[in-house]
Amino acid sequence: MKKKLLVMVLSLAFAFWKLSASANVFAPSSVLFPPASAASTSVSLSESSSVTAFNMLPFSLFSPASFGVAFKNPSSSRNSVNVVPYSTSMASLFWDLIFDGLSALWWINNIVLNFDSYPYAHGKYLIFPYSDSSAAPAFDDSVSSLYSGKFYRFALDTSFLCFPGENAGNITRFEGLIWKFFGPVVELYSEFPEEGEKQMNLRLGGQFALIQTNPASVFFNIQWSHDFFGGEGERNGLVLGFIVRSYPVKPVLLEWRGAWIIHNTVMFESHLELGGMVWGPVEIFAAWDFRGYYKRSGKSISERKNGFDVGLRYHF
């Protein structure tokens with residue numbers, strides 16, 4: 001229990017430190033509250049006083065200044081400095097506070113969490129030290145050493161893919177998080193068109209967590225995609241997308257994956273999935289798949305496909 005309280009206190013202290021750094025509560029009052037006459041005027045300083053002005057600049061963690069920023073103007077005279085209008089510095093502070101606040105929340109959210117052995121092993125999946133709602137047994141001191149969670153998670157799945165009247169095949173996929181908030185995403189598509197030769201597409205890349213909670217976790221996904229054994233290179237290029245996962249209630253799992261493949265053809269893919277934990281770390285799932293092709297060169301042509309896939313996934 002003491003360890004969990006310590007993690008929570010350190011996380012909140014980090015957030016306060018970042019916010020106070022933006023506000024620069026330790027700045028001199030003359031800088032925090034500059035006189036009205038200094039709001040939009042230029043003043044002349046000696047060489048030594050210009051150094052003093054520089055030393056008075058209040059710096060935040062991510063911004064050059066928060067209030068009353070003074071800096072040398074190379075186009076003005078040698079001993080002249082410009083004072084940024086107070087309204088401008090206030091706007092800068094406002095955005096600094098938002099950015100630093102979001103950064104602190106991201107840190108608290110993604111750094112302190114752990115993962116259970118697999119979804120719904122003892123609660124839902126994600127374990128937070130400051131909430132008893134994610135995995136109740138993990139916060140019972142008598143068993144916390146057994147279910148404190150792990151800093152990584154992985155999943156391997158394979159599924160039957162079908163676009164009726166077009167093609168059928170298989171998707172094999174490996175994804176996970178090496179540490180807390182980032183990890184690999186590797187996918188292999190093997191498809192057999194009703195007319196034509198076999199097509200295979202390999203995608204290598206990773207994912208980065210934007211926010212993680214049991215109701216909804218959002219990840220940014222980036223991959224390199226390459227067609228081989230057919231496919232005519234339609235899916236060669238850069239893949240950018242998002243992944244949303246949810247663990248609403250045992251044993252249900254929800255997932256949506258959206259991706260844009262950018263090459264001579266811009267292709268959008270959507271994968272909406274419903275799964276269920278059926279035996280230990282084994283999940284069975286079914287999904288609706290959509291593909292849209294948008295030509296970038298020549299005449300603009302759109303092509304849409306709707307299909308489905310069903311498969312098994314192993315969590316570890």
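The values are calculated or read from the model by the stated rules, or taken from the named source; none is laboratory data. Bear in mind the structure is a predicted one, so any value in this text is a computation, not a measurement. Backbone-built Cβ (ideal geometry, glycine too); neighbour counts: all protein chains shown. Accessible surface is based on the protein model in full, side chains and every heavy atom, while ligands, DNA and RNA are left aside. Shrake-Rupley method; radii C 1.70, N 1.55, O 1.52, S 1.80 Å.
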Query raised in the report: Tell me, which residue of segment 271-307 that is over 30 Å from Gly123 (Cβ atoms) and of a type in the set (Gly, Ala, Ser) is modelled with the lowest pLDDT?
Result: Gly298
**Report entry** Residue ID - most open to solvent (accessible area, probe 1.4 Å), chosen from residues in segment 153-192 that are of a type outside the set (Asp, Glu), over 21 Å from Tyr125 (Cβ atoms) and assigned to a loop (DSSP other than H, G, I, E, B)
**Finding:** Pro164
Report task. Determine if segment 81-104 includes at least one residue that is assigned to a loop (DSSP other than H, G, I, E, B), touching a helix residue (DSSP H, G or I) at 6+ places or on another chain (Cβ under 7 Å) and at pLDDT 50 or above. Result -> no
Query raised in the report: Which ones in segment 193-243 are in contact with a Phe, Trp or Tyr (Cβ under 9 Å, 6 or more places away or on another chain), part of a strand (DSSP E or B), over 30 Å from Ile111 (Cβ atoms) and open to solvent by 40 Å² or more (accessible area, probe 1.4 Å)?
Result: Gln199, Leu202
